[in-house]
Amino acid sequence: MESIVWKESLSTAGLLLLQQLSATERIVFLLHEVFHYRFDEIAEIVDKSTVNCRQIFHRAKKSLGNLPERSPEVIEKKAALAERFAEALMTANIELLIELLSSETVLYQDGGGKVKAALRPIKGSDLIIRFFVAVAPEFPPGYRCVTCEINGMPGIRLVIGEMTFAVVTFDYLQNQLSNVYVVMNPEKLTHFNKDI
């Protein structure tokens, strides 16, 4: 079942976790977990023994931790949190943001060097809220938040007219958002805007 989750969608969080693996660990993990290669086949590709590949796979899987739950109940709960975040963003409801974010929440941004974005992760609800308050006036007038499925999990598209100018995804922890990922890099948003 977990391999189906990886095959259907590599979430932002999953991609970030994969980056923490070595190149060999990534190759072994993806070939076996996603593409169902046998360890003897992988061994030929990475020029290691079958036993070694099996050990590399188990080490990589352990370091990645548990994949997010995707039961309908869990998805519904996460969708509600995403909708509340969208509401907080649209109405500048700081109290609601305080409720949704924790002191451990981290905000990651990707502007791709083409759009103004924070260069380093921003940690903690206080700094994240200050950041959103500071950048809110730069959002296009009349923008709206649309909750939708992104990478197989609830997320938000920020749109002006029909054009998506940012996408927000989350890691969820019980009733709060443990991480917030904002992608504004136009090159990574082309598939959201291809029909415009």
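The values are calculated or read from the model by the stated rules, or taken from the named source; none is laboratory data. All of these numbers come straight from a predicted model, not from anything done at the bench. Cβ atoms come from the backbone with ideal geometry, glycine included; neighbour counts cover every protein chain shown. Please note that ligands, DNA and RNA were not included when accessible areas were found on the heavy atoms of the full protein model with its side chains. Shrake-Rupley method; radii C 1.70, N 1.55, O 1.52, S 1.80 Å.
Hey, could you check segment 124-163 for residues that are under 17 Å from the mean Cα position of the chain (by Cα) and among the polar types (S, T, N, Q) and say which is surrounded by the most Cβ atoms within 10 Å (Cβ to Cβ)?
Once the filter is applied, the top-ranked residue is 147.
Return the only residue of 159, 167, 115, 133 being aliphatic (A, V, I, L, M), in contact with a Phe, Trp or Tyr (Cβ under 9 Å, 6 or more places away or on another chain) and modelled with pLDDT under 90.
Testing whether each residue is aliphatic (A, V, I, L, M), in contact with a Phe, Trp or Tyr (Cβ under 9 Å, 6 or more places away or on another chain) and modelled with pLDDT under 90 leaves just 115.
Condition first: of a type in the set (S, T, N, Q), touching an Asp or Glu at 6+ places or on another chain (Cβ under 7 Å) and surrounded by 16 or more Cβ atoms within 10 Å (Cβ to Cβ). Now tell me which residues in segment 168-191 satisfy that.
Selection gives 179, 185.
Which condition breaks for residue 119 when tested against (1) open to solvent by 60 Å² or more (accessible area, probe 1.4 Å); (2) under 17 Å from residue 98 (Cα atoms); (3) among the aliphatic types (A, V, I, L, M)?
All conditions pass for residue 119, except number (2).
For segment 95-115, which residues satisfy the criterion of being open to solvent by less than 70 Å² (accessible area, probe 1.4 Å), in contact (Cβ under 8 Å) with a residue 24 or more places away in the chain and either in a helix (DSSP H, G or I) or over 16 Å from residue 126 (Cβ atoms) (or both)?
Hits for segment 95-115 are 97, 100, 109, 110, 111, 112, 115.
Any residue in segment 145-159 that is within 18 Å of residue 96 (Cα to Cα) and free of Cβ contacts under 8 Å to residues at least 12 places away in the same chain?
Within segment 145-159, not a single residue is within 18 Å of residue 96 (Cα to Cα) and free of Cβ contacts under 8 Å to residues at least 12 places away in the same chain.
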